[in-house]
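What follows is one structure encoded as structure tokens, with my remarks underneath.
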Amino acid sequence: MATLPVDAIKPLADKHPKPPNVLFQYGTAGFRTLGDALDPVMFRVGVLAALRSKRLDGKTIGVMVTASHNPEPDNGVKLVDPRGEMLEVLWENHATTLANAASTEDFIAAVQTLVTNSRIDLSKPARVVYARDTRPSGPALVASLEDGLKAMGAETRNAGVTTTPVLHYLVKAINTKGTKDSYGDDSEEGYLEKLSSAFKKLVAGKSTASPLIVDCANGVGAIVGKKLAEALGSSLPLNLQNTAIDTVGALNNACGADFVKTSQKLPPSLASVLKRGERGCSLDGDADRLIYYYMDEREQFHMLDGDKIAALVAAFIVDLTKSAGLEEVVQVGIVQTAYANGGSTKYLSERLPVKCVSTGVKHLHHAAERYDVGVYFEANGHGTVIFSPETLEKLATHQPSTPAQSTALNHLINLTKVINQTVGDALSDMLLVEIVLAHKSYSGVEWDALYMDLPNRLVKVVVADRHIFKTEDAERRLVSPPGLQARIDELVRRYAGGRSFVRPSGTEDVVRVYAEATIRSQADELAFRVAGLVYDETGGDPARRPAEFL
Ligand code: NG1
Ligand code: ZN
């Protein structure tokens, strides 16, 4: 029985000491905080990734270094399981335990405990592939990660600077290589080739946007987006904007999917770019979120968020399953979170099964796996479509009885290739949207008209301890602090079409308050009044109560 390489771990762990008085937590998006604080975490994640791989018999594990849509000084790290999915929940706890060990000795002891409790056979190989986004803190953090991998003698592959979804794709492609379920060539080129060739087949003979404006958030989407544009050629001309990856402070700054979604505005840098009648889209800093928009004939900006993408895509897939003669055997379902606009939930649930789950991609992904075809999107633009193994099998073996059925079946099969089924992928989702728009001959206007968004507002409240906020019913109701939910209910009743809920963020030290109502001013007022309740509840200093909350 092999033993832990303590002599190799010790000196390297000593290079990455954990400062006292900081507590790390593996949350909904992995570890995420100021880049400067993450050095010890990265080393330990390297060790953990190797252990996870050994536990899974040498399957390749992914590690992505990114803080997504967060400001440039932030950074983060998350692990990817062998099928390209988020790390298993039990191991999130192991990650937190290892990250918080006070000293090298404590860390080695915690690793030893994990090895014993999880029955990890240390003689197995460890294989890890890793990548980072364009953040300035990335290279140093990757070096620390590499020390952790080296300490464990892992076989490593550096995928360089790429998007989060490409890393997820690579993990799945590596682990399925040479099998009948091969996900594609295990390289960024393989990814681009897979997506772009299926896209070209799906839009052959149709007209696409010319060109499509893509806000790359001054992040890694600019790099992969450029390569995708080359692979797409004239099938979809892309006009890449906000591509300043080397300009300090530019990442996610007044641009990108999160800016558009939260401010409900066009990035100022696109003001002279997006013309009347044109559409565009924004990626976030690691290109796993996508928000669309268009400028109408009166130069009014209209946002098309993750809910609108889900509605567009689900209807298209349902149409194709009908046309292919598969509607009886392939059921399409939707998964949303409480942040989904009430307008979308009403529209979708009148047509398809809809499930609401807690925030966090892993919850959405797992719920979507229960459908034959699961369409899941967060309102913020993170989402994808997943086809169950049985459905993929049905598509592969179905015998169409007419030429029309055959065409629809081929479209469905090509969709399974355009879509990155491992995780939300802004570039893949963008192609998916463009396919549907091309098939339906929709502009932004027709797409937007599927249903009306209810006016809504999302606000953050900074509180002393957000952990006192506990929720139930897919985060739609508070159980703690006691009595607060009743006060929120009482307030909500006074607003036409009112809905509001409160939950602690999993990625920031804030409590989020969401509200919607039939009228814009009422949605804003409800949000600020509920935020005021939250602020008061946590004993905030009345003198510092934010003015809007009064
Ligand atoms: P938190 O900070 O837990 O609200 C945010 C997003 C999630 C998800 C994660 C991971 C909102 C309201 N919340 O989570 O949907 O994307 O980040 O990045 O958009
Ligand atoms: Zn992201």
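The values are calculated or read from the model by the stated rules, or taken from the named source; none is laboratory data. In this text the structure is predicted, and so the values were computed from the model without any measurement. In this analysis, Cβ positions are derived from the backbone assuming ideal geometry, glycine residues included, and neighbour counts consider all displayed protein chains. Just the protein is used for accessible areas: all its heavy atoms, side chains included, with ligands, DNA and RNA removed. Shrake-Rupley method; radii C 1.70, N 1.55, O 1.52, S 1.80 Å.
Restricting attention to region 370-401, the residues being open to solvent by less than 60 Å² (accessible area, probe 1.4 Å), out of contact with any Asp or Glu (no Cβ under 6 Å at 6 or more places or on another chain), in a loop (DSSP other than H, G, I, E, B) and more than 16 Å from ligand 1 (Cβ to nearest atom) number 4. If I ask for residues that are away from ligand 2 (no atom under 16 Å from the Cβ) and of a type in the set (F, W, Y), which ones from region 323-373 would you list? Y347, Y371 - these are the residues of region 323-373 that are away from ligand 2 (no atom under 16 Å from the Cβ) and of a type in the set (F, W, Y). For region 242-252, the condition holds for at least one residue, the condition being that it is away from ligand 2 (no atom under 16 Å from the Cβ) and on the phi > 0 side of the Ramachandran plot. Taking region 320-348 as the range and being assigned to a helix (DSSP H, G or I), away from ligand 1 (no atom under 16 Å from the Cβ) and open to solvent by 10 Å² or more (accessible area, probe 1.4 Å) as the test, the residues that pass are L320, K322, S323, G343, K346, Y347. Considering (1) more than 20 Å from D425 (Cα to Cα); (2) within 16 Å of ligand 1 (Cβ to nearest atom); (3) open to solvent by 20 Å² or more (accessible area, probe 1.4 Å), the lone condition that T28 does not fulfil carries the number (1). When residues of region 487-519 are filtered for being basic (K, R) and either closer than 18 Å to Y339 by Cβ or within 16 Å of ligand 2 (Cβ to nearest atom) (or both), how many remain? Here the count works out to 3.
If I ask for residues that are under 20 Å from V445 (Cβ atoms) and among the aliphatic types (A, V, I, L, M), which ones from region 272-295 would you list?
Passing the criteria: V273, L274, L290, I291, M295.
When region 290-319 is filtered for residues that are surrounded by fewer than 24 Cβ atoms within 10 Å (Cβ to Cβ), acidic (D, E) and assigned to a helix (DSSP H, G or I), only D319 remains.
Per the listing V479, V463, the residue uniquely out of contact with any Asp or Glu (no Cβ under 6 Å at 6 or more places or on another chain) and not assigned by TED's automatic domain parsing to the domain that holds A310 is V463. Filtering region 237-268 to residues that are within 16 Å of ligand 1 (Cβ to nearest atom) and in a loop (DSSP other than H, G, I, E, B) leaves L251, N252, Q264.
Please verify whether L12 is modelled with pLDDT of 95 or more and under 25 Å from the mean Cα position of the chain (by Cα), treating the condition exactly as stated. Answer is no for this residue. Looking at region 444-488, which of its residues are polar (S, T, N, Q) and surrounded by fewer than 16 Cβ atoms within 10 Å (Cβ to Cβ)? Within region 444-488, just S480 meets the criteria.
Within this structure, V273 passes the test of being more than 16 Å from ligand 1 (Cβ to nearest atom) and not assigned by TED's automatic domain parsing to the domain that holds D133. State yes or no: is D258 within 16 Å of ligand 2 (Cβ to nearest atom) and either at positive phi or among the charged types (D, E, K, R) (or both)? It is true that D258 is within 16 Å of ligand 2 (Cβ to nearest atom) and either at positive phi or among the charged types (D, E, K, R) (or both). Scoring G424 on the criteria (1) open to solvent by 10 Å² or more (accessible area, probe 1.4 Å); (2) within 21 Å of the chain's Cα centre (by Cα) leaves a single failure, condition (1).
Within region 2-24, identify whether any single residue is over 25 Å from L122 (Cβ atoms), of a type in the set (G, A, S) and either away from ligand 1 (no atom under 16 Å from the Cβ) or assigned by TED's automatic domain parsing to the domain that holds P139 (or both), and answer yes or no. No; the residues of region 2-24 include none that is over 25 Å from L122 (Cβ atoms), of a type in the set (G, A, S) and either away from ligand 1 (no atom under 16 Å from the Cβ) or assigned by TED's automatic domain parsing to the domain that holds P139 (or both).
Against the condition in contact with a strand residue (DSSP E or B) (Cβ under 6 Å, 6 or more places away or on another chain), open to solvent by 10 Å² or more (accessible area, probe 1.4 Å) and of a type in the set (G, A, S), how does A143 come out, does it pass? It is false that A143 is in contact with a strand residue (DSSP E or B) (Cβ under 6 Å, 6 or more places away or on another chain), open to solvent by 10 Å² or more (accessible area, probe 1.4 Å) and of a type in the set (G, A, S). Hey, could you check region 258-289 for residues that are among the β-branched types (V, I, T) and open to solvent by 10 Å² or more (accessible area, probe 1.4 Å) and say which is modelled with the highest pLDDT? Result: V273.
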